[in-house]
Structures are given as structure tokens and as C-alpha cells.
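What follows is a short report on a single structure.
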Protein chains: 2
Amino acid sequence: MRLRSFALGWVQNIIDWFGEMGDLKENLAELAECGLPAALESMGERWSFLILRASFNGLHHFEEFQSTLGIARNILANRLGRLVDHGILARQPLADDRRKIEYRLTEKGAELLPAMLALRQWGERWETGCASTPILVDARDEQPIDRIAIQAHDGRVLGLKDLRWKHVADIKPLGAPRLQVVA
Amino acid sequence: MRLRSFALGWVQNIIDWFGEMGDLKENLAELAECGLPAALESMGERWSFLILRASFNGLHHFEEFQSTLGIARNILANRLGRLVDHGILARQPLADDRRKIEYRLTEKGAELLPAMLALRQWGERWETGCASTPILVDARDEQPIDRIAIQAHDGRVLGLKDLRWKHVADIKPLGAPRLQVVA
DNA sequence: GTTTTAAGTTGCAACTAGAAACTTATATTT
DNA sequence: AAATATAAGTTTCTAGTTGCAACTTAAAAC
């Protein structure tokens, strides 16, 4: 028995608020070849993102992940294996104590940071309601980073109403035309 | 029997590449109160992100989601219910045909766009290897949006080596000191 | 008033997660 | 060297989740 409408009061006002952004239902066959399913293939399972976050926070070992996250050992072994298979973590037995295995982020794994931060910032804003410690700061001036945002090529921050979906083929180059592959 | 090291050749070079960013293992107890687990509570289940993406692409009805995504009907019903419960989608029977239920993104749901794009861009870069159609463009000049990036308060794009973890308490205000709550 | 459509439910098989005990390889202590 | 301890897993078994196909229900269309 699910509660389906706890928020309908305020939500009602928002229903028309969100413009269509130019619906593009036509080629939803193409949805399958989008990068999102591919990303979810690697990161979409339970625990994967939390293991990733722990990696970003400097954890490198099985027992560290296990005791910090409280994940079952068999599941942790499975997820670490998958993350290694996907090239997100690198597995390396330590030279000075070969019982110890070090799991480190690869470049590919490290590049998930924007996605992780965007998700975390959303959670802070809409769920927990407050920023969580520790936070990321710019090494240069030790000031907190900005919110992750969508920006135009010239750096303007784009809100949802500033966006449209468009087919790659329909996009006209701006300024100098690009080189083209002829055959 | 898992394959654990298909990428160790190139990965090896990267192991030391990724600096510690100032490990902060000390207060990993605080990991639990981070926004990420909260976000995953809403969006961490299988299909949730794909339903969200379909919503961004202009789908609004049960049968549309079902036939487009190929998801089982019971699972779809369950996920739509959860997304509504979490205030990410709003559920509205249509006035002119009350069989039809419209699912629309709320503001809260729409604000997941940066997270979804960051994930998609990562998938395009590291998994599929190419941008997928349709893409998001700036409504003003119809040019594609930038990559989602981490930026300093002054707009500089920050790479991983430019970042540190820090406790909120340790951050000094820049410029004019802020007002403080006294009691 | 019979049929069709939209949005679900139900029942059941297959898969996945979780808790706890067990294994294996290496390192440390006596 | 033998006994103990530690790190990183496996195994086993139970509980929960996913997925498919058939069924239901309410509203519309014919």
C-alpha cells in the first residue's frame, strides 16, 4: 500500500512550470544508444556509487570499505571486481605487504567526480537540506567549489528554460566552419 | 570466474597519477550524513535514471515509458510510484481523458538534469565513445552545451589536482566576513 | 452495450543482496 | 620453525527484488 500523493499540494503548481524543452519523442529508439545506459552499466548497481565516493575520500582497502560502508563482504568483493573490470578502479597488491590489495581510482574513475558531486549536491539541496562535511575546495584559495551547473559554450549558466533538445545533424557550426571528412 | 585485470597495462601508469586530494579518512563516520546516500535513496534503483531521462525527453505516460524502455509493467508501476513519492514526478490524471495519467517532472526532478548529464557525458566519453542524439543545446544560439565541469567560485574549471577535501569549519570566509548567528 | 485503451495488479520463476561462518595466502610473534 | 593474526576474499543459506505473462479495473469509443 503506497502513499502516492503526499506532495501534491505544492507539486500541482509546478506541473505547468516545466516547459517541454522541445519534446523529441520521435527518435526514442535512439535512447538505447545514449551514454546514460552505458554509464549505468558500470555504476548503476547498488553500492557502486558509495564505493566510488569512499575511494574519492581516500579509502583504498577491502577492510576499509567494508567497515566504513557496512556492506556485506561478498557484495563488496563483487562490486570491487566489477569496478576493476570496468576500469574504474585499479587493483594492486602492495609490494611491502602482499596481503594488502590497494584499490585506486583510474583516470576513468576519477572522471566520475562531476557526476558524483552533482548527485550529492542535489541530495543536499532536496533531501538532507544541508551541505555535508567534508566538502571540496579549490586548492588555490581553499574556497568551496561552485555548484555543478549546465553552461553554454561561452560560460553562461543555463537554466532549464534556456535548453532545447536537438539532433546533432541539425546543429549549425558557429563561426568558422569545421573540416569535414569527405570519404 | 571473473576477469580482474584486463586493463592493467595502461592502468598501471595511472595508479600514482591520481593524488590523494588530501585524504580525509578521519571522519568517515560522517559519510552517512552526506547528500549522496540521500540522492541514491531516490534515484539509486534500477530504471529510475532511465525513467527520468525519458521524462526529460518528453514522455509522460505509462505506456510510453513501458514501450520505450522495455521495462516490465509491475516494475514500472513501482518506480513511477516511488518517483512520485519522492516528489520527483507529479502524477496527474488528464481532465479530458481520465484514463490517462500524466507524469511530469517537478522542479526537484528537473534539477537532476546536471547529474544525469554528467553521467551521460561520462558514458559517452568512456564507454560508447561518441555523443548521442538528441543533444542539449542553448536555446539562445542553438549551440551544444559545455561539458559538465567542476568550477571554482570565480569560474575557473578545476581539474582533480586543483581540489582538496576540507571540513566546513576550517574554511575561512573570503572578502567581507559573513554575519554570524549569535545564539 | 460491446469493444478498446490506459494504467495498473497478481502469481510465480529467476536472480541478487545480506549475514555469518569458512578459506587462503601472507605476515608477525613466540 | 610453529603458532597466531591479518587481509582479502568464498561459501552457504535466507530474504528480498526483478522480470514475464496473464489478469483486472475504470474510462472512453464505437
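The values are calculated or read from the model by the stated rules, or taken from the named source; none is laboratory data. Because the structure is predicted, anything quoted here is derived from the model rather than measured. Virtual Cβ from ideal backbone geometry, glycine too; neighbours counted across all protein chains shown.
What do you reckon, is B:Arg164 over 27 Å from A:Gly159 (Cβ atoms), in a strand (DSSP E or B) and either at the interface with chain A (Cβ under 9 Å from one of its Cβ atoms) or modelled with pLDDT of 95 or more (or both)?
For B:Arg164, the condition - over 27 Å from A:Gly159 (Cβ atoms), in a strand (DSSP E or B) and either at the interface with chain A (Cβ under 9 Å from one of its Cβ atoms) or modelled with pLDDT of 95 or more (or both) - is met.
Could you pull out the residue among B:Leu59, B:Leu69, B:Leu40, B:Leu89 that is aliphatic (A, V, I, L, M), within 26 Å of A:Arg46 (Cβ to Cβ) and within 15 Å of the chain's Cα centre (by Cα)?
Exactly one residue qualifies, and that residue is B:Leu40.
Quick check on B:Ala95: is it without any contact (Cβ under 8 Å) to a residue 24 or more places away in the chain, within 16 Å of DNA strand D (Cβ to nearest atom), among the hydrophobic types (A, V, I, L, M, F, W, C) and outside any helix (DSSP H, G or I)?
yes
Can you tell which of B:Arg104, B:Arg140 is in contact (Cβ under 8 Å) with a residue 24 or more places away in the chain, of a type in the set (Lys, Arg) and not in a helix (DSSP H, G or I)?
Going through B:Arg104, B:Arg140 in turn, the sole match is B:Arg104.
Answer with yes or no whether A:Leu76 is within 21 Å of A:Asn57 (Cα to Cα), surrounded by fewer than 20 Cβ atoms within 10 Å (Cβ to Cβ) and more than 7 Å from every other protein chain (Cβ to nearest Cβ).
Yes; evaluated as a whole, the condition is true for this residue.
Collect the residues in the stretch A:61-82 that are among the hydrophobic types (A, V, I, L, M, F, W, C) and within 7 Å of DNA strand D (Cβ to nearest atom), keeping them in residue-number order.
Those that are among the hydrophobic types (A, V, I, L, M, F, W, C) and within 7 Å of DNA strand D (Cβ to nearest atom): A:Phe62, A:Ala77, A:Leu80.
Being within 7 Å of chain A (Cβ to nearest Cβ), within 13 Å of DNA strand D (Cβ to nearest atom) and either outside any strand (DSSP E or B) or touching a Pro at 6+ places or on another chain (Cβ under 7 Å) (or both) is the requirement here; does B:Phe49 meet it?
Taking the combined requirement at face value, the residue satisfies it.
Among the residues that make up the stretch A:28-45, is at least one of them assigned to a loop (DSSP other than H, G, I, E, B), charged (D, E, K, R), in contact with a helix residue (DSSP H, G or I) (Cβ under 8 Å, 6 or more places away or on another chain) and touching a residue at least 24 places away in the same chain (Cβ under 8 Å)?
yes
So, in the stretch B:97-115, exactly how many residues are more than 12 Å from DNA strand C (Cβ to nearest atom), surrounded by fewer than 22 Cβ atoms within 10 Å (Cβ to Cβ) and more than 7 Å from chain A (Cβ to nearest Cβ)?
So the count comes out to 0.
State all residues of the stretch B:79-91 that are without any contact (Cβ under 8 Å) to a residue 24 or more places away in the chain and either closer than 15 Å to B:Gly58 by Cα or near DNA strand C (Cβ under 10 Å from one of its atoms) (or both); if no residue qualifies, say none.
Passing the criteria: B:Gly81, B:Val84, B:Ala90, B:Arg91.
Within the stretch B:108-118, does at least one residue satisfy the condition of being assigned to a loop (DSSP other than H, G, I, E, B) and either among the polar types (S, T, N, Q) or more than 21 Å from A:Ile150 (Cβ to Cβ) (or both)?
no
Testing A:Ala115 on (1) in contact (Cβ under 8 Å) with a residue 12 or more places away in the chain; (2) over 22 Å from the mean Cα position of the chain (by Cα), one condition comes back false. Which one is that?
Tallying (1) in contact (Cβ under 8 Å) with a residue 12 or more places away in the chain; (2) over 22 Å from the mean Cα position of the chain (by Cα), A:Ala115 fails exactly one: (2).
Quick one: B:Ser42 ticks every box in (1) away from DNA strand C (no atom under 16 Å from the Cβ); (2) modelled with pLDDT under 95 bar one, so which box is it?
Only one criterion in (1) away from DNA strand C (no atom under 16 Å from the Cβ); (2) modelled with pLDDT under 95 is unmet by B:Ser42, namely (2).
Kindly evaluate B:Glu127 against the criterion of being more than 16 Å from DNA strand D (Cβ to nearest atom) and part of a helix (DSSP H, G or I).
It is true that B:Glu127 is more than 16 Å from DNA strand D (Cβ to nearest atom) and part of a helix (DSSP H, G or I).
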